[in-house]
Amino acid sequence: VIVRLMAGALEPKDLLYLTKIAQSLQMQSFLSVSSEKQIQSLVSLSPGSLSAVVVSNRILEDFSFDESGEQALTLLRSDAMKEFVAKHEDVTIFVEGRVGIIERDGADGTKCAANYIKELKDAGAFGAFVAGGLADNEKSVEDAWQTLCD
């Protein structure tokens, strides 16, 4: 069972308390972050108290998305993330928010979503959560994969 917490919506003491409860119940804690300050709040958590960090392209104030994808890349490359990873080496890092939709220019001159995914991976992300932007009821799985880079 996974518990997903939004670091920006909780005080550091509440994050500590909720991750300890989840750990005692043998639940995995995934913490979503959308700023360096939120990443810094995770550094103080005990090693082993969280299973994953979800770096978000969401803008917490209005719950819209950063359509450029720069927010996630900046957070992945930040000093705060480096400090977090140094203390929590075993924590998996995911990205969410328009992954599979955001397109970037590649070294070969192509512009596609696969280039953005490669940038995320190169910056330290292990995987991503994708939803309606990549596939919908009208598309097959093969069509969804083709969406990444035509």
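Quick note: the coordinates plus some simple rules give every number you see, no bench work behind them. Please read these numbers as outputs of a predicted model, since none were measured by experiment. Cβ placement follows ideal geometry from the backbone for every residue including glycine, while neighbour counts extend to all protein chains displayed.
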Compute the acute angle (0 to 90°) between the alpha-carbon long axis of helix 113-122 and the principal axis of greatest extent of the alpha-carbon atoms of the chain; round to the nearest 10°. 40
How far apart, in nm, are two points set 7 Å out from the Cα along the Cα-to-Cβ line at Ala9 and at Lys121? 3.2
Quote to one decimal, in nm, the extra length available between Gln26 and Val43 on full extension: 0.36 nm per residue of separation minus the C-alpha distance between them. 4.0 nm
What's the Kirkwood radius of the stretch 50-96 in Å, using all Cα pairs? 11.3
Where a Cα-Cα gap under 27 Å defines reach, which lysines qualify for Lys87, not counting those fewer than 8 residues away within the same chain? Lys13, Lys20, Lys37, Lys118, Lys121
Note on the stretch 2-147: contact order normalised by length, alpha-carbon pairs under 8 Å, 6 or more apart, percent, works out to 19
Arranged from highest to lowest average of other beta-carbon atoms within 10 Å per residue, in what order do the peptides 106-113, 30-37, 121-128 appear? 30-37, 121-128, 106-113
Translational D in µm²/s for the chain (Stokes-Einstein at 25 °C, 0.890 mPa s, Kirkwood Rh from C-alpha pairs): 153
What's the angle, to the nearest 10 degrees (0 to 90), between helix 12-24's Cα axis and the longest principal axis of the chain? 90
Net length gained if the chain between Glu70 and Val1 were fully extended (0.36 nm per residue, minus Cα distance): 21.8 nm
